[in-house]
Amino acid sequence: MSVQWLASLDAGLPEARAVFVLDVPIPKSFSRKTRRRDVNERDRAFLEKVRRNYRSLAHRFGWHLVDGTRPTGEVHERILLGLRSAFL
């Protein structure tokens, strides 16, 4: 999928003021969800490519890249900080 195609999905919508990518390494995601994965969720090579692409897009567009392996409270705080900076 091209970035242009993905961007076209948002055509006509208000521009996002904050975008967050919760980044979790593939092995960690498999330890968190061990059952009932669909065909794409079982394909580790595909998931690595998706993760790499989202990380690249986050850097390219200035999205917030949040380490999803951190404790829940830290992830929550990171998102709140990003929202405050975007809306206050």
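The values are calculated or read from the model by the stated rules, or taken from the named source; none is laboratory data. Remember, predicted model here, so these are calculated numbers, not experimental data. Note that we place each Cβ from the backbone using ideal geometry, even for glycine, and neighbour counts take in every protein chain shown.
Per-structure values
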read-out: Conditions (1) without any contact (Cβ under 8 Å) to a residue 40 or more places away in the chain; (2) more than 19 Å from VAL3 (Cα to Cα); (3) surrounded by 13 or more Cβ atoms within 10 Å (Cβ to Cβ); number of the one not met by PRO27; value: (3)
read-out: Residue check for ASP23: among the acidic types (Asp, Glu), on the phi < 0 side of the Ramachandran plot and more than 16 Å from the chain's Cα centre (by Cα); value: no
read-out: GLU41 vs. criteria in a helix (DSSP H, G or I), within 15 Å of LYS28 (Cα to Cα), charged (D, E, K, R) and free of Cβ contacts under 8 Å to residues at least 12 places away in the same chain; value: yes
read-out: Filtered residues of segment 10-24 (kept if loosely packed, with under 12 Cβ neighbours inside 10 Å and under 30 Å from GLU77 (Cβ atoms)); value: ASP10, LEU13, PRO14, GLU15, ALA16, ARG17
read-out: Candidate set: segment 20-38, residues that are at pLDDT 95 or above and part of a loop (DSSP other than H, G, I, E, B); chosen: the one nearest to ASP67 (Cα to Cα); value: VAL24
read-out: Yes/no for ALA11 being part of a loop (DSSP other than H, G, I, E, B), among the small types (Gly, Ala, Ser) and modelled with pLDDT of 90 or more; value: no
read-out: HIS64 of a type outside the set (Val, Ile, Thr) and touching a residue at least 40 places away in the same chain (Cβ under 8 Å); value: yes
read-out: Test result for ALA7, in contact with a helix residue (DSSP H, G or I) (Cβ under 6 Å, 6 or more places away or on another chain), small (Gly, Ala, Ser) and closer than 26 Å to SER85 by Cα; value: no
read-out: Residue in segment 35-49 that is surrounded by fewer than 10 Cβ atoms within 10 Å (Cβ to Cβ) and of a type in the set (Asp, Glu) present; value: yes
